[in-house]
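First up is the structure itself, then whatever we jot down about it.
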Amino acid sequence: MHVLISGAGVAGPALAYWLRRGGAAVTVVERAPGLRTGGHAVDFRGDVHLSVLRRMGVLEEVERHRTGMGAMHYVNERGRRISTLPADLFAGDIEILRSDLGRILHDATAPLGVAYRFGDTVTALHEDPDGVTVAFERAPAERFDLVIGADGLHSRVRALAFGPEEQYVRHLGLHCAIFPVPGELGPPNSALAYRTASKVVIVGRSDRSGPAWAQLFFPTPDGAEGADPQRMIREAFRGVGWVTPRLLQALDGNDLYVDSVAQVRMPAWHTGRVALLGDAGYSPCLLSGMGSGLAVVGAYVLAGELLRSGGDHAAGFAAYERLMRPYAEGAQRGAEGNARMMVPQGRVATALLNQYMRLVPYLPGKQMIANAARRTAEAVRLPAYA
């Protein structure tokens, strides 16, 4: 079985690892010229996530690169701390930078003979009863038995095989920007957050010597698609207090991530010899804290079911979706609530939420809040594949 995977982020290398372990020939194509750098931190929660990493043999390496982030402190416009959320209320069991995770998963596939093609992308898919002819932007067309789209929220494979993005991408009304800032702006091993009406500014640093980063959330402006990202951010945060003006001075486009906070909702994740994995098929949005966990668990299940089906890709795809859909939809429901809570609309709602944040550490049910995402992560039962 020769499988093409589009996307070398998290889901793609994870799937490549398991398919090669099962004897398949695997090619991974990635639009970027190399492994991506920058981006945000991602979480793994609960035994299900950790058990997949352990079975891959990468858990210890992931733990060595954990960010070690501590509490998040909410501040007012003058920078005075008004409330503190301990790390166990919002972080997973392991937090790691997305770029570090991608490199670790890529390196795990290197001894297995996975073929990577950077700086290229899929431009057309032509399926027949015996396989799929794939056209690329740069390389010559090639035949594959299966094609897997693991190419994120704006998946090219999804658009080619299932239809335009607007049919499946559900925007939650927010945009997010993440970029590096001078180290002195971020407190060591913790984060500061400032919430004003309809906007949130977070600054953090994972260790005393490392770079700091800023994470900004704001309502999606009109005409956001195709707009200049730096100009959009500067306009959205004009006049916002605290250290925001200094953050905007550091905004130069290097390692800048900007995108809408969105989910992918699809009636089916597979058609013919093409299937979707991770954010391409069921993105819960970055506010869920579940995207990378879903990706590595989904990769394990997809590879296992394909190999267990004995070459019947339709049966393998169907079993994968049957096992993973309840898990993915549970993560999406939780993320919708997170989006509403993260950026309330209006001054009254913002003041009420800031007051609630002061009380959270003292609430009797605070551990229920901390365990909500972990319960979702434990909702799937992993088969033991040979």
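The values are calculated or read from the model by the stated rules, or taken from the named source; none is laboratory data. Predicted, not measured: the structure shown is a model, and the values here were computed from it. Neighbour counts run over all protein chains shown; Cβ positions are idealised from the backbone, glycine included.
Could you grab me the full set of residues in region 278-290 that are assigned to a helix (DSSP H, G or I), at pLDDT below 90 and either over 15 Å from H175 (Cα atoms) or not hydroxyl-bearing (S, T, Y) (or both)? So that I can check it myself, show each step before the final result.
Taking region 278-290 as the starting set, the residues that turn out to be assigned to a helix (DSSP H, G or I) are 279-282, 286-288.
Narrowing the set further to residues that are at pLDDT below 90 leaves 286-288.
Selection gives L286, L287.
Got a sec? Which of R20, R54 is among the basic types (K, R), touching a strand residue (DSSP E or B) at 6+ places or on another chain (Cβ under 7 Å) and not in a loop (DSSP other than H, G, I, E, B)?
Checking each option against the conditions leaves just R20.
Does R158 satisfy being touching a residue at least 24 places away in the same chain (Cβ under 8 Å), among the basic types (K, R) and outside any strand (DSSP E or B)?
Against the criterion (touching a residue at least 24 places away in the same chain (Cβ under 8 Å), among the basic types (K, R) and outside any strand (DSSP E or B)), R158 qualifies.
Can you confirm whether L307 is within 18 Å of L15 (Cβ to Cβ) and modelled with pLDDT of 95 or more?
Answer is no for this residue.
Give the residues of region 232-267 that are of a type outside the set (G, A, S), part of a loop (DSSP other than H, G, I, E, B) and over 24 Å from the mean Cα position of the chain (by Cα), sorted by residue number.
The answer is F237, R238, V240, W242, V243.
Could you list, ordered by first residue, the pairs with Cβ atoms under 7 Å in which the first is in region 201-222 and surrounded by 19 or more Cβ atoms within 10 Å (Cβ to Cβ) and the second is modelled with pLDDT under 75 and not in a strand (DSSP E or B), at least 6 apart or interchain?
F217/M342; F217/V343
Identify, from the list V10, V26, the residue that is under 29 Å from V147 (Cβ atoms) and either at pLDDT below 95 or over 20 Å from the mean Cα position of the chain (by Cα) (or both).
After applying the criteria, what remains is V26.
Return yes or no: is V203 part of a loop (DSSP other than H, G, I, E, B) and at pLDDT 85 or above?
Values: part of a loop (DSSP other than H, G, I, E, B): no; at pLDDT 85 or above: yes.
Here the answer is no, as V203 does not meet what is asked.
Of the conditions (1) of a type outside the set (G, A, S); (2) free of Cβ contacts under 8 Å to residues at least 40 places away in the same chain; (3) part of a loop (DSSP other than H, G, I, E, B); (4) touching a strand residue (DSSP E or B) at 6+ places or on another chain (Cβ under 7 Å), E63 clears all except one; give me its number.
(3) is the only condition that E63 fails.
How many of the residues making up region 103-137 are surrounded by 13 or more Cβ atoms within 10 Å (Cβ to Cβ), in a helix (DSSP H, G or I) and either of a type in the set (D, E) or at pLDDT below 95 (or both)?
Number of matching residues: 1.
Looking at H73 and the list (1) farther than 21 Å from R36 by Cα; (2) crowded, with 20+ Cβ neighbours inside 10 Å, which single condition is not satisfied?
So the condition that H73 fails would be (2).
Name the one entry in A299, A349, A339 that is at pLDDT 95 or above and in a helix (DSSP H, G or I).
Numbers: A349 fails: at pLDDT 95 or above; A339 fails: at pLDDT 95 or above.
Only one candidate qualifies: A299.
Listed residues V48, V42; which is in contact (Cβ under 8 Å) with a residue 12 or more places away in the chain and not in a helix (DSSP H, G or I)? Explain how you work it out, then say what you get.
Numbers: V48 fails: not in a helix (DSSP H, G or I).
Every option except V42 fails the conditions.
Can we say A8 is among the aliphatic types (A, V, I, L, M), farther than 30 Å from F136 by Cα and crowded, with 19+ Cβ neighbours inside 10 Å?
Against the criterion (among the aliphatic types (A, V, I, L, M), farther than 30 Å from F136 by Cα and crowded, with 19+ Cβ neighbours inside 10 Å), A8 does not qualify.
Out of the residues in region 288-337 meeting the condition of being aliphatic (A, V, I, L, M) and surrounded by fewer than 21 Cβ atoms within 10 Å (Cβ to Cβ), tell me which one is nearest to Y385 (Cα to Cα).
The extreme case among them is L307.
Table: residues versus (1) surrounded by 21 or more Cβ atoms within 10 Å (Cβ to Cβ); (2) within 17 Å of the chain's Cα centre (by Cα).
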| site | (1), (2) |
| --- | --- |
| A139 | no, no |
| E142 | no, no |
| D145 | no, no |
| I148 | yes, no |
| G163 | no, no |
| R170 | no, yes |
| G173 | no, no |
| P180 | no, no |
